[in-house]
Amino acid sequence: KRFLLITLLFTASNVSNSQITWDGGAATTNWNDAANWFGDVVPISTDIVLLDNSSVLVSYTVDLPIGAVNVTVSTLTINPSGVNTITLNLPVLNTAVPALTITGAGDALVLNNGAVFRNSSGAAAGSTVAITNTFRINDGGHYIHNTPRVNAAIISQLSTAAGTELGIFEFDVPGFAGYTPSLSGRTFGSLILSAAAA
């Protein structure tokens, strides 16, 4: 009976969600560099990821992996403090579809004031960010759709809760061909249409 109880407790502890924070220990911007994470462990699919200034006291950037590599986490919150900015980049050299999957309940992807998420995916087709529940861009948060890939699945998850009215959703799509944002029936906090990347 004791063996069974110990086995059950061990199994339960392995499936519970752990919070993982960035400490920048590798002095690189690479998400997949374990030394950049507290505990020197790269986040896994059940983890709650927090990019904040608890360990790194200045502005910084985190780059998701290049290649056909998907990152899956339970939730992801970017929460800079003071005047700092924390930027998460989905680089053009990432070709996975999706490249980032967030599966948690409620506000699964949260950009707080000073947070920037730049989606520059180089995938050939498809939706590059998959969010099971809500994508919340709080006032002062900023998402940049910097890829010609589809956007409807991302926009359909946007939160309209109080405190998101000044959260920025920006289209800055590279290339010279036309691009159609999914606007019909959608609600944004603040919407920017930019041609800078084109």
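Please give the Cα centre distance for region 166-189 versus region 93-163, rounded to the nearest Å.
Taking the Cα centre of each part, region 166-189 and region 93-163 sit 12 Å apart.
Taking the solvent-accessible surface of protein heavy atoms with a 1.4 Å probe, what is the per residue accessible area of the chain in Å²?
Per residue, the chain has an accessible area of 48 Å².
From the phi angles alone, apply the Karplus equation (6.51, -1.76, 1.60; θ = phi - 60°) to region 67-83 and give each ³J(HN,Hα) in whole Hz, x where the residue is Gly or Pro.
Calculated HN-Hα couplings, in order: x, 8, 10, 9, 10, 10, 9, 6, 9, 9, 10, 10, 9, x, 10, x, 8 Hz.
Which value, in debye to the nearest 20, gives the size of the charge dipole of the chain about its Cα centre, when Lys and Arg are +1 and Asp and Glu are -1 at the Cβ?
Dipole size: approximately 500 debye.
If you roll a 1.4 Å probe over the chain with all protein chains in place, what percent of the accessible area is carbon or sulfur?
C and S atoms contribute 60 percent here.
Once phi is turned into ³J(HN,Hα) by the Karplus curve 6.51 cos²θ - 1.76 cosθ + 1.60 with θ = phi - 60°, what whole-Hz value does each residue of region 47-53 show in order, with x for glycine and proline?
7, 9, 9, 10, 9, 9, 10
What is the set of long-range amide H partners of Val71 at a cut-off below 5 Å, with H atoms built 1.01 Å from backbone N?
Leu100, Thr101
Please figure out what share of the DSSP beta bridges in the chain is antiparallel and state it in percent, rounded to the nearest 5.
0
If we count trypsin sites (Lys or Arg not before Pro) as exposed when they sit in a DSSP loop and have at most 15 other beta carbons within 10 Å, what is the longest stretch of the chain that avoids them all?
2-185
Using only Cα atoms, what is the ratio of the radius of gyration of region 30-122 to 2.2 N^0.38 Å?
After normalising by residue count via 2.2 N^0.38 Å, the value is 1.03.
Which cross-chain or sequence-distant (5 or more) residues have an amide H under 5 Å from the amide H of Ile131, H modelled 1.01 Å from N in plane?
Ile102
With axes computed from alpha carbons, what is the tilt in degrees of helix 2-15 against the longest principal axis of the chain, rounded to the nearest 10 within 0 to 90?
Taking Cα atoms only, the helix is inclined about 20 degrees.
If you add up the charges near Gly25, with Lys and Arg at +1 and Asp and Glu at -1, over every other residue whose beta carbon is less than 14 angstrom from its beta carbon, what do you get?
Overall, the nearby charge balance is -3.
I want to verify the translational diffusion coefficient of region 60-171 in µm²/s; compute it with Stokes-Einstein, Rh as the Kirkwood radius over Cα pairs, at 20 °C and 1.002 mPa s.
The Stokes-Einstein estimate is 156 µm²/s.
The values are calculated or read from the model by the stated rules, or taken from the named source; none is laboratory data. Given the structure is predicted, the values throughout are model-derived calculations rather than measurements. A quick note on method: Cβ atoms are made from the backbone with ideal geometry, for glycine too, and the neighbour counts reach across all protein chains shown. We work out accessible area using only protein heavy atoms, side chains counted, and drop any ligands, DNA or RNA first. Shrake-Rupley method; radii C 1.70, N 1.55, O 1.52, S 1.80 Å.
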